[in-house]
Amino acid sequence: MKWLLLLWALGPGDIYREFPDAKTVTPEQLTGALRAENPTGEVSLSLLRGKKVEGPVRVYFGASIAGPQGQILYPRPGGVIKDDPVIRFEAEGEGELWAYFERLGSGWHRIDPEWKTHWIPDQPQGGLKFQLRIRRADGLWAIARHVEEVTLERKKLSVKIFQAGNPGPAAMTGATEAAWLVGEEIRPVELSQIGAPPAKGAALLVRFSR
């Protein structure tokens with residue numbers, strides 16, 4: 001299930017439940033509901049109750065519904081992390097981690113607790129933030145408080161992104177590794193074989209020693 005636009009709508013305190021088919025949602029499951037959305041946008045609760053909505057739907061609830069609890073333990077707000085940190089959290093149920101950082105524009109990206117930052121471009125000071133989404137055994141999701149203003153610190157290397165493709169030899173002084181970014185896929189490439197981008201819209205990630 002892909003929620004293309006809804007990722008931006010999630011914030012601390014949001015409590016929701018996802019249904020693969022809107023027609024299976026019962027009136028009891030809508031108790032305390034504030035709004036509903038599907039991958040194309042907001043869905044009328046009255047239409048949802050009337051079984052006039054099809055496909056996947058996400059239903060958001062108000063404070064009358066107690067969501068699962070949890071929090072990110074590391075890093076802390078305003079903290080500094082090194083490459084490949086381990087993000088620690090506790091959750092009442094399953095935890096899902098997301099990080100907000102700049103790559104081709106800023107956005108939320110799903111990450112593993114052992115976050116491999118090898119190809120994450122250098123970020124602004126305090127430019128990272130993290131989000132924990134918690135899923136309890138009853139299928140209810142909740143969004144924990146964000147951890148914000150986190151800095152990714154690198155002292156002896158730098159990772160830069162070139163959106164126009166091959167930057168030319170003058171810009172590659174000190175380069176040690178390179179990889180093409182095609183969508184979300186990372187494709188390592190030999191420095192001597194960079195050449196033209198492998199696909200339309202591909203960007204080049206380069207690691208430099210400094």
Give the separation of the Cα centroids, segment 149-210 to segment 100-142, in Å. 21
May I ask you to compute the full-extension gain from residue 184 to residue 156, defined as 0.36 nm times their residue separation minus their alpha-carbon distance, rounded to one decimal in nm? 7.5 nm
With no solvent and one equal point scatterer per Cα, compute the Debye intensity ratio I(q)/I(0) for segment 47-99 at 0.13, 0.22, 0.25, 0.30 Å⁻¹ and report its log10, rounded to two decimals. -0.58, -0.96, -1.07, -1.22
For segment 1-122, convex hull of alpha carbons as volume per residue, Å³: 127
Give the relative contact order (percent, whole number) for the chain; include only Cα pairs under 8 Å separated by 6+ residues. 18
For Cα extents along the principal axes in Å, the choices are (1) 48, 37, 37; (2) 64, 37, 23; (3) 54, 42, 32; which was calculated from the structure? (2)
Taking the Cα centre of segment 6-61 as origin, sum charge times position over the Cβ atoms of Lys and Arg (+1) and Asp and Glu (-1), and report the length of that vector in debye to the nearest 20. 180
Between residue 52 and residue 109, what FRET efficiency follows from the Cβ-Cβ distance if R0 is 35 Å, with the result rounded to 0.05? 0.50
Counting Lys and Arg as +1 and Asp and Glu as -1 over every other residue whose Cβ sits under 15 Å from the Cβ of residue 24, the net charge comes to +2
Here, trypsin sites (Lys or Arg not before Pro) of segment 39-76 satisfying both criteria (DSSP loop; at most 13 other Cβ within 10 Å) are 51, 52
Counting just the Cα atoms, what span does segment 157-209 cover along each of its three principal axes? Round to the nearest Å and put the largest first. 27, 18, 17
Given a Förster distance of 35 angstrom, what is the FRET efficiency for residue 202 paired with residue 83, based on the Cβ-Cβ distance and rounded to 0.05? 0.90
Just flag the GluC sites (Glu not before Pro) in segment 36-73 sitting in loop per DSSP whose Cβ has no more than 13 other Cβ atoms within 10 Å. 54
Is the C-alpha gyration tensor of segment 116-177 telling us rounded, prolate or oblate? Criteria: a/c under 1.5 is rounded; beyond that, a/b larger than b/c is prolate, otherwise oblate. prolate
Charged-residue dipole, Cβ positions (Lys, Arg, Asp, Glu), segment 157-209 about Cα centre, Debye nearest 20: 120
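Computed from the coordinates by the stated procedures, all read-outs in this text should not be read as laboratory data. Because the structure is a prediction, the values reported are computed rather than measured. FYI the Cβ positions are ideal-geometry reconstructions off the backbone, even for glycines, and counts take in every protein chain you see.
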